[in-house]
Amino acid sequence: MSAKEESTPSLEQQDLYSCRVSRYVVGIVVACALAFGIGWGLSFVFPVFLAKFLVDYPVSSKEKFQQLVLAMVLTVLVGLAVSMGITNYPFILLLLVALLMFYAYYLFLDPYWNFFATILMISVMLLPYLGITNSAVAIYVGTGLMISGVLIVMPTW
C-alpha cells in the first residue's frame, strides 16, 4: 500500500463527516433564523453558543443536556447573586470572581467540561460588572443567556 492510499478516508468516514457538516450548517442556519425572527434579549448569542456546542459535542446525549442545564442554572444564579447586592462589597466580589475563574480554569483542562467552563467564564466575567452599574441589567443578561442555552438543546436533542 502506498502512503496516498492509507491517507484517503473510506466512504463510510466521508459519509459521517458530511453528515456532521450538514448538521452543523442546518443547525446554525436555523439558529440564526430563530434569533432574528424572535428577537429576545441577547438573541445574537444563540448561534454562537450553538456553533460551539455542535463542534464540541458532535453526538448529543443526556449527559451533555444535563451539563448545559447546569451551566444555565449557574448563570442565572450568578446573575441573581450579583443583583442581590454583592457588588456593594468589592472585596467579597473580587474573591468570588477569582475563585470561580480559578475553578473554570481547571474545568477547561477536562474536555468533558469545556462548554460548562465557557458559560461559567462568560457569566463570571460579564454579570458582576454589569451588576455594578445596574442590577436589573445583570438579571436581564443572565436570563437572556439562559434562554439562549435552553434553545441550544432543542435542535440537538
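The values are calculated or read from the model by the stated rules, or taken from the named source; none is laboratory data. Here the structure is a predicted model, which is why all the values come from computation and not from measurement. All Cβ positions, glycine included, derive from the backbone under ideal geometry; neighbour counts span all protein chains shown. Side chains are part of the model used for accessible areas, which takes the heavy atoms of the whole protein and leaves out ligands, DNA and RNA. Shrake-Rupley method; radii C 1.70, N 1.55, O 1.52, S 1.80 Å.
So the values come out like this:
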{"quantity": "GLY149 within 26 Å of SER61 (Cβ to Cβ), assigned to a helix (DSSP H, G or I) and not acidic (Asp, Glu)", "calculated": "yes"}
{"quantity": "One residue from LEU130, LEU80, LEU94 being open to solvent by 20 Å² or more (accessible area, probe 1.4 Å), free of Cβ contacts under 8 Å to residues at least 40 places away in the same chain and over 28 Å from SER22 (Cα atoms)", "calculated": "LEU94"}
{"quantity": "Matching entry among VAL150, VAL141 (being in contact with a Gly (Cβ under 9 Å, 6 or more places away or on another chain), open to solvent by less than 90 Å² (accessible area, probe 1.4 Å), within 23 Å of LEU42 (Cα to Cα) and in contact (Cβ under 8 Å) with a residue 12 or more places away in the chain)", "calculated": "VAL141"}
{"quantity": "Test: residue in the stretch 91-114 that is closer than 17 Å to PHE49 by Cβ, of a type in the set (Ser, Thr, Tyr) and out of contact with any strand residue (DSSP E or B) (no Cβ under 7 Å at 6 or more places or on another chain)", "calculated": "no"}
{"quantity": "Residue match in the stretch 106-126 (condition: open to solvent by less than 10 Å² (accessible area, probe 1.4 Å), in contact (Cβ under 8 Å) with a residue 24 or more places away in the chain and more than 17 Å from the chain's Cα centre (by Cα))", "calculated": "no"}
{"quantity": "Top-ranked residue of the stretch 48-77 - restricted to ones that are surrounded by 15 or more Cβ atoms within 10 Å (Cβ to Cβ) and of a type in the set (Val, Ile, Thr), ranked as farthest from the chain's Cα centre (by Cα)", "calculated": "VAL76"}
{"quantity": "Considering residues of the stretch 24-41 that are part of a helix (DSSP H, G or I) and open to solvent by less than 20 Å² (accessible area, probe 1.4 Å) only, the residue farthest from LEU145 (Cα to Cα)", "calculated": "GLY27"}
